[in-house]
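Take a look at the structure below.
The values are calculated or read from the model by the stated rules, or taken from the named source; none is laboratory data. Keep in mind the model is a prediction, meaning the values are calculated, not measured. For neighbour counting, all protein chains shown are included, and Cβ atoms are generated from backbone atoms with ideal geometry for every residue, glycine included.
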């Protein structure tokens, strides 16, 4: 789930050790230096890059068509590297490795699209609300509240049924379009609240006041002076949020309202595999679940490190 | 929704309470315990059954889903009941059902029968139920069963396309229904129909008490029946309890004391069976292997043929390769029915090779479909003959949103794709029925038929006959004058046997025209606990015959 | 304070009306775009127009606006609001009172939520506190890793494995050891039993709570870390108060504030978990009913239930806001 329990703006981000701060130049450069020094971060980055490459270039990993399934080959156990089906086949006789590799794309694309779009909406609205206050703030705050009251699942279900007749093609983006839309609509509130609070704080900083006094346009003040202050903590949320969307996709798949078959996603594979876990075919669940857990772990580790590195209170 | 396949697992559980015996395995949560014993039932025993949560009403006129039907089967008695072996009707509440010409039917009712509230079960009790169901504005689910009775048309209003009523119904009773005397009912049909006597045991034809009609809402949750059990309490969504009606006078009544249904959201109650809380269940596919390998469980396994037929239909009303019978043959020959069943639903389906399911209704025999066996080479040849499949196009297969069916049809699509090289996509639409009715499909679609009464005619006429030579039937645009004539000949036949034979002729016409592809037939299976014996599955509904069950101690 | 509460309450009512209106629009458009839920009533049969009209009337869908795509159907909405104001929440498609459905379903869900909340609190406070105290040591890393694993592990897998692998042998063992119908035997029943709601809800509640606890563990840890760094803790320590006193009085108590807030916010989120849990454990509750209602496009039932739910949520958020204001002197009621 998009982490809605997460941070009330006033509440709590972790305060990491205060390592010696280099006489550094930019925030980014400093953060990069910090990240580099941690082996867990490097491992996490490798995992994320690995799956990203898999999503981008599935043909590097398998030449089997994941949609080519022969029912007679149902549930062949993993044969190991070199076999025709290294990770075995599923109930329908589809090659599991091919499914896993091709399933990475919808799952990861969905996550990045949702978080990217939520971030855009959340940051924009939060910035506007915090900067102008008044009626803009009232509208934004009320909207946030309305969206928080509607249960995500109900909204997802309603919207996914609402648009179910929309002809959806088979392209990578088409199969995730509907879940992406819904998860974005209900995923932006945390960012908006966060940015709004940070904007309120930053607005009254001396240099911002100075910039305004010097006649800088509102847009310029917002983008150049306020935003950089607000963006740090929000950036730290991103990897965790991506991880959350990947998990949510699995739940949507379970409820039958996620990525549409015959497109494959990790969520769909987990859902299908879960049925067979007790029947002696645990590998059908364990492989996709393993990929999902590994990706989520890596992203969260990255997020933690980012937060530590970017926390402005350390500066 | 609608009539669902008999596979919709209604597991049943039986517990018996006999204080003196000692506990056997697979205990039950009822207070009693005791060892498995011989035959016979204990009058204090409680039978615990599972029920699907989509049961919304217990009004016979409004019940057309498998689960309420199986509840109402012990709460109500119909004019006829069906033999568990042959599914042929025999008189039960009716003393006799007679007709000279298959148009006017005279039904004599046994004397001195009463409802559970003391009202007499007489000709009026049937007439009021049927009139209520047939009256259009009441919107009863079983309304259409009465369309063969004279006066049905006058009881339906008319509406325009916007749903505004343009004509109120002219009558509120069926003119073809006459109460001659308290024990005699005379029914006039709009035309001869030899199968009418067969329909009379169906839930929609059960009688109702006047008290029920006076407060129909109360009666929908607390039925006033005339059967061996009466509904004690129904917590909708949670459970239903029925106890034996002590004043029951007819012969078919079990000896155990009560039935408790627990409502389930899905069909997933196998762990409850294993834990001893249910005594009847069907394992999910993943557990089937384990169950089949358990010698103890195998002794308590029963299977029998089912009545539900799953087939693939084509939008014959739209231009496309499917207009060519050779193309339809190619598709049919390309589906590895047995392989799909073995992988996905072993023992719960059998490959279909006829349009009328064999063994469960009179006139049903297997093997009438010549092109229903998996034969990749013949399939390719047939496709060639049909002119192939247009390059770059995808075959869209439409179906509803049932998870099990989606699995099955993914396998069907895979099979077609592998054999014929036709790429496919599944369109699992929640508006399946609406779109099918609106002829909005652009490719083959899944269809399923569960018969309403045991006669081969019911697999044929309601599905394929329309009388509309220009457009064909609504669902797939099929029309055959020969087929319609054969059905009509069956309706007009002098005896039921002759009628059945005529209907078989109609099926042969389907086998030639090949408008649809028979795919799977449901098979009824159940595992049951040590507590029950004399388990007989009704071939028609697929459920255990509750009235025959014997319950020993759990 | 009084004016603050009044203002917040009015805002709450406003939010509620907005939510209802949005939901009304969504369901209306769903019906307009997707066609008629009444059609499903006929199953394999193709109804005549008059049959369809009769069923539409029975389902309360006979207003022509449901056939006009884009029409917001304000008429039925206002009518419905009027009925709600009189306490009449209408019936579902099959004529069962919405209030009756809620009365049967809500207690089970509330019981489930209570167990879930307790688990959240116990795990969140327990593990979160432990992690914060042993910060950056192996215990901390272990707890954080566990919380991520919990988060990544889909709840349905957890429940499925429990039901099929653990429940049956455990209930068998409990029956043999403690007797049939004993409390432990009920705890491990593979599905809900209406006669023993508390006993049979315990394990599903714990599992659902476990699945949702990860966010709380992280929240508690983070807010306690902030407290540790806070001036009041430094002051308390410098005054020579013992560590236990500092932790319980200054760290844990302060960190409870954001946790309470989060509980309020997560109320709706928990419903998502409830849909899955209730479905799999066969609990007749709000999540399951809502799910079925949406699938059947049962407008009256969806709106009725969501209105009741949203009302509860708004009240919870209100109470939390007020409690927050009361607990945290930094917030002034304007």
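Looking only at the stretch A:28-66, residues that are closer than 25 Å to residue A:88 by Cα, in contact with a helix residue (DSSP H, G or I) (Cβ under 9 Å, 6 or more places away or on another chain) and not in a helix (DSSP H, G or I) come to 6 in all.
Does residue B:346 count as in contact (Cβ under 8 Å) with a residue 60 or more places away in the chain, assigned to a loop (DSSP other than H, G, I, E, B) and within 14 Å of chain A (Cβ to nearest Cβ)? Against the criterion (in contact (Cβ under 8 Å) with a residue 60 or more places away in the chain, assigned to a loop (DSSP other than H, G, I, E, B) and within 14 Å of chain A (Cβ to nearest Cβ)), residue B:346 qualifies.
Residues considered: B:427, B:359. Of these, the only one that is part of a loop (DSSP other than H, G, I, E, B), touching a strand residue (DSSP E or B) at 6+ places or on another chain (Cβ under 9 Å) and either modelled with pLDDT under 90 or not assigned by TED's automatic domain parsing to the domain that holds residue B:322 (or both) is B:359. As a summary of the residue check, residue B:521 satisfies the conditions (1) assigned to a strand (DSSP E or B); (2) surrounded by fewer than 24 Cβ atoms within 10 Å (Cβ to Cβ) except for the one numbered (2). The condition of being at pLDDT below 85 and either surrounded by 19 or more Cβ atoms within 10 Å (Cβ to Cβ) or farther than 30 Å from residue C:141 by Cα (or both) does not hold for residue A:24.
Every listed requirement among (1) assigned to a loop (DSSP other than H, G, I, E, B); (2) farther than 15 Å from residue B:205 by Cα; (3) in contact (Cβ under 8 Å) with a residue 40 or more places away in the chain is met by residue B:118 save one, (3).
Give the number of residues within the stretch C:61-97 that are in a helix (DSSP H, G or I) and more than 28 Å from residue B:141 (Cα to Cα). Residues that pass the stated criteria total 10. Based on this model, can you work out whether residue C:172 counts as farther than 30 Å from residue C:128 by Cα, free of Cβ contacts under 8 Å to residues at least 60 places away in the same chain and surrounded by fewer than 18 Cβ atoms within 10 Å (Cβ to Cβ)? So residue C:172 does not fit the description; no. In the condition set (1) surrounded by fewer than 19 Cβ atoms within 10 Å (Cβ to Cβ); (2) in contact with a helix residue (DSSP H, G or I) (Cβ under 9 Å, 6 or more places away or on another chain); (3) within 9 Å of another protein chain (Cβ to nearest Cβ); (4) more than 18 Å from residue B:54 (Cβ to Cβ), residue C:64 is compliant with all but (2).
Let's see how each residue does on (1) at the interface with another protein chain (Cβ under 10 Å from one of its Cβ atoms); (2) at pLDDT below 85; (3) surrounded by 19 or more Cβ atoms within 10 Å (Cβ to Cβ):
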site	(1), (2), (3)
C:154	yes, yes, yes
C:161	yes, no, no
C:182	no, yes, no
C:213	no, yes, yes
C:223	yes, yes, yes
C:233	no, yes, yes
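The listed residues are A:110, A:152, A:120, A:125, and the only one of them that is within 9 Å of chain C (Cβ to nearest Cβ) and within 20 Å of the chain's Cα centre (by Cα) turns out to be A:152. Residue B:414 passes every criterion in (1) in contact (Cβ under 8 Å) with a residue 12 or more places away in the chain; (2) not in a loop (DSSP other than H, G, I, E, B) apart from (1).
Could you check the stretch B:264-284 and list, in sequence order, the residues that are closer than 17 Å to residue C:180 by Cα and either more than 8 Å from chain C (Cβ to nearest Cβ) or touching a helix residue (DSSP H, G or I) at 6+ places or on another chain (Cβ under 8 Å) (or both)? The answer is B:271, B:273, B:274, B:275, B:276, B:278, B:279. In this structure, residue B:198 does not qualify as farther than 30 Å from residue C:291 by Cα and surrounded by fewer than 22 Cβ atoms within 10 Å (Cβ to Cβ).
Restricted to the stretch B:216-318, the set of strands (runs of 3 or more DSSP E) holding at least 1 residues that are under 27 Å from residue B:519 (Cα atoms) comprises B:301-313.
For the stretch C:290-315, the candidate set comprises residues that are assigned to a helix (DSSP H, G or I), surrounded by fewer than 21 Cβ atoms within 10 Å (Cβ to Cβ) and within 9 Å of another protein chain (Cβ to nearest Cβ); within that set, the residue that is modelled with the lowest pLDDT is C:295.
Condition check ((1) within 14 Å of chain B (Cβ to nearest Cβ); (2) surrounded by fewer than 20 Cβ atoms within 10 Å (Cβ to Cβ); (3) closer than 24 Å to residue A:108 by Cα) across all residues:
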{"site": "A:40", "(1), (2), (3)": "no, yes, yes"}
{"site": "A:57", "(1), (2), (3)": "no, yes, yes"}
{"site": "A:72", "(1), (2), (3)": "yes, yes, no"}
{"site": "A:76", "(1), (2), (3)": "yes, yes, no"}
{"site": "A:89", "(1), (2), (3)": "yes, no, yes"}
{"site": "A:95", "(1), (2), (3)": "yes, no, yes"}
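Against the conditions (1) assigned to a helix (DSSP H, G or I); (2) without any contact (Cβ under 8 Å) to a residue 40 or more places away in the chain, residue B:128 satisfies every one except (2). Whether any residue in the stretch B:294-316 is out of contact with any strand residue (DSSP E or B) (no Cβ under 9 Å at 6 or more places or on another chain), more than 28 Å from residue B:40 (Cβ to Cβ), more than 14 Å from chain A (Cβ to nearest Cβ) and touching a residue at least 24 places away in the same chain (Cβ under 8 Å) is what I want to check. Yes, the stretch B:294-316 has at least one match. Considering the stretch A:205-315, the qualifying helices (runs of 4 or more DSSP H), each wholly inside and each with 2 or more residues that are within 12 Å of another protein chain (Cβ to nearest Cβ), run over A:227-254, A:266-276, A:283-310. Here is the figure for the stretch B:148-195: residues that are more than 14 Å from chain C (Cβ to nearest Cβ), part of a loop (DSSP other than H, G, I, E, B) and crowded, with 22+ Cβ neighbours inside 10 Å total 4.
For residue B:266, indicate whether it is surrounded by fewer than 22 Cβ atoms within 10 Å (Cβ to Cβ), within 25 Å of residue C:159 (Cβ to Cβ), under 23 Å from the mean Cα position of the chain (by Cα) and not assigned by TED's automatic domain parsing to the domain that holds residue B:71. Answer is yes for this residue. Annotation for the stretch A:98-105: no member residue is assigned to a loop (DSSP other than H, G, I, E, B), within 14 Å of chain B (Cβ to nearest Cβ) and under 18 Å from residue A:261 (Cβ atoms).
Residues in the stretch A:173-204 that are without any contact (Cβ under 8 Å) to a residue 40 or more places away in the chain and in a loop (DSSP other than H, G, I, E, B): A:204 only. Of the candidates C:189, C:96, the single residue that is more than 30 Å from residue B:285 (Cβ to Cβ), facing another protein chain (nearest Cβ under 9 Å), surrounded by 15 or more Cβ atoms within 10 Å (Cβ to Cβ) and without any contact (Cβ under 8 Å) to a residue 40 or more places away in the chain is C:96. When residue B:327 is tested against (1) assigned to a helix (DSSP H, G or I); (2) farther than 18 Å from residue B:382 by Cα, just one condition goes unmet, and that condition is (2).
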